[in-house]
Amino acid sequence: MSATDTTTVPSGGQVPPARRRVRPAIAFLRNTWRGLTSMRTALILLFLLALASLPGALLPQWSLNESKTSDYIAAHPFWGPLMNRLGFFEVFASPWYSAIYLLLFISLVGCLLPRTFEFARQIGARPVSTPRNLARMPLHAEYTVDGTAEQAADRAEATLRRKHWRVSRRTESGGVHTLSAEKGYLREVGNLVFHFSLLALLIAVAIGKLFGYEGSVIVQVGDPWCSSSTSSYDNFRPGLTVDGTDMTPFCLQIKDFQATWSPSGQALSFHTDVNYQAAAEAGGDSWHSARVQVNDPLRMAGERLYLLGHGYAPDVKVTFPNGDVRNYSTPFISNDPMLLSTGAIKVPDPPGVPADQLTQHQLAIAGLFAPTAAEHGGIMTSVYPAADKPGLAVDIYRGDLGMEGGRPQSVYAISQDQVDKGALVKLDRVNLYVGDSTTLDDGTVITFTGYHEWVSLQTSYDPGQTLALIAAILLLAGLMASLTIKRRRLWFRLLPPEAGSGAGDELRRTVVRVGGLARTDQAGYGAEFDEVSRWADDGTGSDTGTDEGTATADGTTGTTGSNTGTDGTAAERE
Amino acid sequence: MAGFSDLAFQAAMAGYLIALICYGIEVASRRGLVPTAMEAASAQRVHLAKVGAAGSRATGSTVTGYTDADVDDELDDDDDDDDDRAALAPWGVRFGRAAVVVTVIGVLANLLSVVTRGIAAGRLPLGNMYEFVSMICLASVTCWLVVLAKNRAPGLRQLGLFVLIPVVILAFVAGTKLWIPAGPVPPSLNSYWKWIHVTTVSLSGSVLLVSGAASVLYVLRHRFDRKLSEMPDDEALATSVWSRMPSLPTLDKIAYRTAIVAFPVYTFAIIAGALWAEVAWGRYWGWDPKETVAFVSWVFYAGYLHARATSGWRGLRSAWINIIGFAAIVFNLFFVNMVVSGLHSYAGVG
Ligand code: HEM
C-alpha cells in the first residue's frame, strides 16, 4: 500500500468539507479491505483460529458432555460461570469463534476473486517476452549449434509444443529469435480449487448446522419404535431451523441383538437386525429388513440409523400388597468392559395407595446388574459380558422419589438428595439371581425374573453432508495439484552467428541462450531444465556457458514479496 | 510370534539408541573444523538480513546471497567430509557412518517387529497406542534415511541427531509405558476407514517429525548464525559444532519438501477420519477433542505453507510454525489420548 492512499486531501481549503470527510473514509475502507485481504492478515487469522479452537479441546463442552461441563462449572465457582458466559464451553458456537472464521473467509474471498480474474487473464495472454539478460535467471545455459537461428528456434518450438508447453515466438532486431514458454498452469488451478473448496466446505457445514438434526434413543429388543416427533427420542439435538414439525416418520422393529466376545471378554462384534419402514411407507404393511452394526449404519432416504451401544434391562416383577402385579424392565447402563451395569427401577405410582399418600410409598430399586455375576464377600461383580448368569445387586428404597420437583433427574439413578434428606428410606440390600425374590416389610414381593437386551440407536440427518464430501475431495485434489505441479518458465534466445558473441564466432554457429525460472519453489526444476534447455540442440551443440545459479537474492535479504499473494516470488523482480 | 515382535522392538530400541549416540559423537567431533562456503554464507545471510533491513531495497541486488538453485546444488553435493576431512576427524566421521549403519539395522528390526506384531494380532498393527508409536518410529526413521539418501548436502547427516532424539524418546515411551499384549480390537475400531485413517495419520506424522526436526535445527542454527554475525571474528564460535551443521537454506528446503509431501497425506488422513466418524458416530465432524487438535495442527501446517510465501514470515518464523505444528500433533497423540478423553478411545490405554 503506498502512502498516497492515505494522504488524499490536498492542503488548502478547496475541498468541500463533506468530501473532505468522505474521501478519507473511502480511503480507510479501501485500506481496511486491502489489509484484510492480504496474505499476512490471512496468516494471522489462521493462527487466531487455531488458538481459539484450543479451549474447545481442553475445556469440557456442553455439546459433547453436559454433565462434565456442569461439574466443571460447579468446581470453579468464579471462573466457571464467567467462562460459561463468554462461551468457553461452547467454543464452536461462540460469537468470537464465528467472528474469526468469518473474517478469515471474507479475507479468503477478497483474495480469491482478484486471483481468479488475474488467472483468467493469464490464461488468455501470451507467455511473457524474453528478458534481456538470461544469464541472470536462476537457471541458465548457453551453447552453440549448427544451422541458422531460425532452424534452432523451429526445433525448440516444435519440441516445446509437443511437450505441452505454451510457447510464444518473437523476433528481435538482427535476426534474433526468442521463444518464451510456460508450463504448469494447473498449479494455479489447483490452488484456486483448493481455496474455493474451503468456502464450499464452510457452506456445507452451515447447511448441516441449519437443517440437520441428531436424535438418540434406547429401544428394547423386540419393541417397535417410530420417529414420529422429536419427543420420540430420549435426546434430540435439532439444527437451528429444525422444530420437529416436518420430520419424516420412519418406524423400526428391533428383531434381535447379537454380540460375540472373545473368551477373555473382549468384544468382537455387535449387530442388530431390524425391520424398518421408511417415511413413505409408514403405517403400511411393507417392512424391509436390515442389519445395523457398529461402523455400518442403515441408510434410508434422508436419515441414517446408527447402532451406538447396547446393554441389559433386568426384568423385575413387583407384587404389591393389594395383590396387583406389575413387570418392570428398565435399561441399566454400563461403561464397564464386563458390562456390570447400573440403573434404577422407579415405581412412582404404587397401586392401592391414595393419591395424597403416594409420596410416602413410592418405591425404587437401584443398583447393579451383572450379566455373569460373581460375588466376593457379598459384593457382586461381573466376570463376563454375556448374560450367562445374570445377577442383580440392589438397594430398595421407599418414600418420596422427588420427581415432582422441577429438576429433572437421571433415569439411571435415584436422587441422592432425597436419600440425604431422609425422604427416601433404604429398606433392604439384596443380591438376587434369576427366580429369586425378596419380600418387603409391607408384604411387597420383588422378583428378579430375567432380563431384556436394549440397543441405543441414533438417527442423524445432515443435508450438507454430500456437499461436504465433494468439497473435501476437491480440496485434496486442488491441494495436491498446487503442491506438486510447478509453474515454470523457459526462455530461449537464439542469436544468429553475426550477432553472437564470444565462443561461437569463429565457428559461425548459432548461439543458444536459455533461461529458466520456477515461479514458486525452484526445487526439482534444475534437472528438468538441464533437459529442456537442450531442445534447440540438434546434437551438434557444445557448451559455452554454465547453468550455475546467480545472485537473485531470494529470501530474507533485500526483497519484499508481494502482499496480495498473487505472485510473491522471485519471478517478477528481475 | 508376539514375543518375537517384542524382542525385535527391543532390538530396534537399542539400535536407535546406539545410532543416537553415534550421531552425537560425530556432531561433537566436528568442533574445530572450518565451515564450508555455503555454511559460511548461511551466517552471512543472517548478518546481511540484519544490516540490510534498513536499506534493503537499495542493496537488494548487490547482496551475494544464494538462489534456490544454489541450494539445490548444495543438496546434490557429495558430502565432502568423507574425503577432505577424513584426515582431520577420522573417528568422528567413522562414528557418523556407523550411526547410519546402526540406524538401518534399527529400522529393519523395527520393521520386523511391526510385521510380526501384525501377524500375531491377525490385523494391521495399528490398533493401540503402542503399535501406533512403533509405526511412527519406523516410518520416521525410514523417511530420514530416504532424505539422507536423496540429498547429499554437507553435514546433513548431523540432522540425524535431531531426528533420532524424538524417535528414541517415542520408542522408549512405547516400549515401557504403552506396551500391551497383541490382541483383537473392539468392533468400534474395526472399520476400514479407521485403518486408512490411522495408517495415513501415522505416515504423515512421521514425515512431519523429520520436517519438524529440520526446523528445530534451523532455529538452533539461526541462533548460532546470529551470534556469529555479531562476533564474526570469534575463532571458537566460527569453528564450533554449529558451524558444521547443515546450512539454513538446506534445512529450510528439507523441512519444506518433507512438509509438502506430508501435508496432503495428513489432509487425506483427516478426511478419512471424518468419513469414519460419519460411519461410526453419525456425523462427519463433531469437534471432539481429538478432531479439534487435528484441525489445529492442520491449520498450523497450512499457516506454515502460507508463511513461506509471505514476506517477513519466511525463514525463522516459518520454522517456528512448523515446530508448533508438530508439537500439536504430539500433543494430540499423547495428551488428548491419555488425559482429555473424547470419543476417540484408543484401545489399551487408561
Ligand atoms: C481459510 C484459510 C486458508 C487456508 C486453510 C489456506 C490454505 C492454503 C494452503 C494449504 C496453501 C498451499 C498451497 C500452495 O502452496 O500452493 C495455500 C496457498 C496459498 N494461499 Fe491460502 N489458505 C487460506 C486462506 C488464504 C487467504 C485468505 C489467502 C489470501 C489472502 C490465501 C492465499 C494463498 C496464496 C497466495 C497461496 C499460494 C502460496 C504458494 O504458492 O505457496 N490463502 N493456502
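Relative contact order of the stretch A:318-448: 23 percent, from C-alpha pairs under 8 Å at least 6 residues apart in sequence. When A:T41, B:T310 are compared by accessible area at a 1.4 angstrom probe, the order from most to least is A:T41, B:T310. Magnitude of the charge dipole for the stretch A:318-448, about its Cα centre and with charges confined to Cβ atoms of Lys, Arg (+1) and Asp, Glu (-1), is about 180 debye. Only protein heavy atoms count here, probed at 1.4 Å, and on that basis chains A and B bury about 5500 Å² of accessible area in total. Inter-label distance, A:D417 to A:R30: 6.5 nm, where each label sits 7 Å from its Cα along the C-beta direction. Accessible surface for B:Y218 stands near 10 Å², nearest 10, in the context of the full protein assembly shown (1.4 Å probe).
Each of A:T248 and A:V22 was given a label point 7 Å from its Cα along the Cα-to-Cβ line. The distance between the two points is 5.5 nm.
In this view, the solvent-accessible surface of B:F334, computed with a 1.4 Å probe and all protein chains in place, comes to about 40 Å².
Each of A:P350, A:M403, A:T319 was placed along the dipole of the stretch A:318-448 (beta-carbon charges, centred on the mean Cα), and the one lying farthest toward the positive end is A:M403. For the pair the stretch A:23-87 / the stretch B:111-159, the C-alpha centres are spaced 38 Å from each other. Annotation note: chymotrypsin sites (Phe, Trp or Tyr not before Pro) in the stretch A:255-297 located in DSSP loop regions with a Cβ neighbour count of at most 16 within 10 Å are A:W287. Take every pair of alpha-carbon atoms less than 8 Å apart whose residues are at least six positions apart; their mean separation over the length of chain A yields a relative contact order of 20 percent. Short-range pairs are left out: with C-alpha atoms under 8 Å and at least six residues apart, the relative contact order of the stretch A:26-121 is 38 percent.
Over chain A, accessible surface divided per residue gives 48 Å², non-protein components excluded, 1.4 Å probe. What the Cβ-Cβ distance of A:D388 and B:L220 gives, at R0 = 60 Å and to the nearest 0.05, is a FRET efficiency of 0.45. Of A:C226, A:C111, the residue with the largest accessible area leads and the full order is A:C226, A:C111 (1.4 Å probe).
A Förster distance of 45 Å, applied to the separation of the beta-carbon atoms of A:E528 and B:M338, puts the FRET efficiency at 0.40.
Please work out the C-alpha center-to-center distance from the stretch B:250-305 to the stretch A:125-158 and express it in whole Å. Result: 43 Å between the Cα centres. The A:K426 and A:D71 beta-carbon pair, evaluated with R₀ = 22 Å, returns a calculated FRET efficiency of approximately 0.30.
For the stretch A:15-122, run through the chymotrypsin sites (Phe, Trp or Tyr not before Pro) and keep only the ones in DSSP coil with at most 16 other Cβ atoms within 10 Å of their Cβ. Working shown, then result.
Details: sites: A:F28, A:W33, A:F47, A:W62, A:Y72, A:F78, A:W79, A:F88, A:F89, A:F92, A:W96, A:Y97, A:Y101, A:F105, A:F117, A:F119; in loops: A:W62, A:F78, A:F88, A:F89.
Loop-located and lightly packed - A:W62, A:F78.
Spin-label pair A:R170-A:A355: with each label point 7 Å from Cα along the Cα-Cβ axis, the two points sit 9.8 nm from one another.
Over all orientations, chain A has a Cα convex hull whose mean projected area works out to 45.6 square nanometres. Farthest toward the positive end of the dipole of the stretch A:26-121, out of A:G110, A:G87, A:H76, is the Cα of A:G110, where the dipole comes from beta carbon charges about the Cα centre. Ligands, DNA and RNA aside, B:I18 has an accessible area near 90 Å² when probed at 1.4 Å.
The slack in the chain from A:H288 to A:S410, taken as 0.36 nm per residue of separation less the alpha-carbon distance, amounts to 40.4 nm.
All C-alpha pair distances within the stretch A:255-357, sorted into 5 Å bins from zero, spread as 2, 9, 13, 14, 13, 13, 12, 11, 7, 4, 1 percent across the bins. Residue order by solvent-accessible surface for A:E142, A:E404 is A:E404, A:E142, largest first, with ligands and nucleic acids left out and a 1.4 Å probe.
The values are calculated or read from the model by the stated rules, or taken from the named source; none is laboratory data. The shown structure was predicted, so the numbers you read here are calculated from the model rather than taken from an experiment. Every residue, glycine among them, receives a Cβ derived from its backbone with ideal geometry; neighbour counts consider all protein chains shown. Ligands, DNA and RNA are excluded from the accessible area calculation, which covers all protein heavy atoms including side chains. Shrake-Rupley method; radii C 1.70, N 1.55, O 1.52, S 1.80 Å.
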